[in-house]
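Novice: Structure incoming, see below.
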Amino acid sequence: MFSVVALAACNNEAKEQLATLAHTDSVRVDSLASSPKLPKEVDKHEFEAAKASLETMKTDWAAATAAFSEGNATEAADKARSVQGKVDEVKDQLAMNPT
């Protein structure tokens, strides 16, 4: 079983990595939202889905952080995995992954 210190260190590293990835997705959504036309590899439906996924990511990350703060590491990890899945989903929706 992880010690509290080890778990906190893992959480901080994961938090930084996911925050960076989520920020990248957010910047891409903001950039596309302000663009007069979407790139050919991103259709309007995928863009709208990405915006919704980004909001879900923010909510899930807040829940993961709260769960960790309350000492519920299992719930925090589950929520963090959900966020990671959404990060990957948004990258696909916005054509940010190399094909």
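Novice: Could you list THR74, THR24 so that the one with the fewest beta carbons within 10 Å of its beta carbon is first and the one with the most is last?
Specialist: The order, fewest Cβ neighbours first, is THR74, THR24.
Novice: I would also like to ask the following. Can you tell me how the stretch 17-99 classifies by the Cα gyration tensor, rounded, prolate or oblate, using a/c under 1.5 as the rounded cut?
Specialist: Since a/c reaches 1.5 and a/b is larger than b/c, the shape of the stretch 17-99 is classed as prolate.
Novice: Here's another thing I want to ask about it. Quote the FRET efficiency, to the nearest 0.05, computed for LYS44 versus ARG81 with a Förster distance R0 of 35 Å and r equal to the Cβ-Cβ distance.
Specialist: In this case the efficiency is close to 0.75.
Novice: Between GLU70 and MET96, how many nm apart are label points set 7 Å from Cα along the C-beta direction?
Specialist: 2.9 nm
Novice: Further, regarding this structure: What is the calculated FRET efficiency for THR56 to SER35, with r their C-beta to C-beta distance and R₀ = 22 Å, to the nearest 0.05?
Specialist: FRET efficiency, THR56 to SER35: 0.45.
Computed from the coordinates by the stated procedures, all read-outs in this text should not be read as laboratory data. This structure is a prediction, so every number in the text was calculated from the model and none was measured. FYI the Cβ positions are ideal-geometry reconstructions off the backbone, even for glycines, and counts take in every protein chain you see.
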